[in-house]
Amino acid sequence: MKKLILLTLLAGFALWGCAHTDAGHSSRNSLNWAGTYVGTLPCADCEGIHTTMTVNQDHTYALTTLYQGRENATFEQQGSFSWSPDGSTITLDDTADGPLAYKVGENMLWHLGMDGQVITGDLAENYVLRKQIAKTPDLTGRCILDTRWKLVELWGKPVAASDGARVPFILLSSKDARFTGFGGCNAASGGYELKTGNRIRFTDMASTLMACPDMGVEQEFFQVLGMADNFACDGHTLYLHKARMAPLAKFEAVP
C-alpha cells in the first residue's frame, strides 16, 4: 500500500513538473515578439487590407489598416492588449469591431478568426503578418578595407625585407571588391569576398612572372592568401586565419 501511495505521489509530481515546464515555455516567454508586423489580409469588397501592427513590451499596440482600392480608407487605432493564459495568443482590448486576436509565432502573427482559431484553407497564408526585421549597416570587414597592410609575420615567423627591397603588402579596395599586393618580387591582384563573421575569400588571383634570387617568402605569402578563410582586425593589426588554426599571416597598417 505504501509503495502504491509513493508511486502515485511521484507520478503526480512528474505531471506537475511537465505542466509547470510547459506553462513557462510559451511564445510570450521564449520569443522576441515585440516589433512591427506587416501583411495584406483578404477583403470581401476591396483589393486587400494592408495591415501594420506594432506590439510593444509594455503591452500596448498600434494598428494601421489600409483598405486598398478605396479612397480615404486608412484607419489607425492604439490601445493595449492582453495575453492568453497559455502565453500563445494576444487579444487587442477595446476594439470597435469586436475582439481581434493573433496567435504569436517566430517572427509571425496569425490573424485569428472570430472563433479564436487559426484560419485554414486556401487563403490561410494571407492571414499571416510577418515581422519586419531591422537591417543594420553591414560593417563586415570595414576595418580591413582601403588600408595598406604590411606583412610582418608568415606562419608565425617574422618577415623582414632585405635592404632596399619593398615590403610585401596587400590592399583591399572598397570601390570594386578588388585587392592589389606585392610579394617581394611580383605584384599580385584579384578579387575578394567578405561575409558576416569576418569570413574572407581571395578570388581570381594573378601575379606578374618576374624571377628573383629568393622567392620563398613570396610563394608562401601568395599560398596563404589562397588558404585564408577568416580574419581578425582592430584597425592597426590584421591576422589572416584558416578555420581555427594559428594565424597564417600577420600584417600591420601602414600610416
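The values are calculated or read from the model by the stated rules, or taken from the named source; none is laboratory data. This is a predicted model, so every value here is computed, not measured. In this analysis, Cβ positions are derived from the backbone assuming ideal geometry, glycine residues included, and neighbour counts consider all displayed protein chains.
Summed over region 171-220, the residues that are out of contact with any strand residue (DSSP E or B) (no Cβ under 6 Å at 6 or more places or on another chain), closer than 16 Å to Ala249 by Cβ and either surrounded by 12 or more Cβ atoms within 10 Å (Cβ to Cβ) or acidic (Asp, Glu) (or both) give a count of 5. Every condition in (1) in contact with a Phe, Trp or Tyr (Cβ under 8 Å, 6 or more places away or on another chain); (2) at negative phi is met by Asn198 except one, and the failing one is (2). If the condition is being touching a His at 6+ places or on another chain (Cβ under 9 Å) and either surrounded by fewer than 13 Cβ atoms within 10 Å (Cβ to Cβ) or assigned to a loop (DSSP other than H, G, I, E, B) (or both), then region 106-130 contributes only Ile119. Just one residue in the set Ile119, Ile133 is at pLDDT 90 or above and not polar (S, T, N, Q); that residue is Ile119. Taken over region 206-223, the criterion of being charged (D, E, K, R) and not in a loop (DSSP other than H, G, I, E, B) is satisfied by Glu218, Glu220.
In this entry, Asp45 passes the filter for residues that are part of a loop (DSSP other than H, G, I, E, B), out of contact with any Leu (no Cβ under 9 Å at 6 or more places or on another chain), closer than 19 Å to Gly113 by Cβ and not aliphatic (A, V, I, L, M). Of the strands (runs of 3 or more DSSP E) lying entirely inside region 141-205, those carrying at least 1 residues that are among the acidic types (Asp, Glu) are 148-154, 187-195.
For every residue, the table says whether it meets (1) closer than 25 Å to Thr120 by Cα; (2) at pLDDT 90 or above; (3) out of contact with any Leu (no Cβ under 6 Å at 6 or more places or on another chain).
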{"site": "Asn56", "(1), (2), (3)": "no, yes, yes"}
{"site": "Gln68", "(1), (2), (3)": "yes, no, yes"}
{"site": "Ala73", "(1), (2), (3)": "no, no, yes"}
{"site": "Ser80", "(1), (2), (3)": "no, yes, yes"}
{"site": "Asp86", "(1), (2), (3)": "yes, yes, yes"}
{"site": "Thr91", "(1), (2), (3)": "yes, yes, yes"}
{"site": "Asp97", "(1), (2), (3)": "yes, no, yes"}
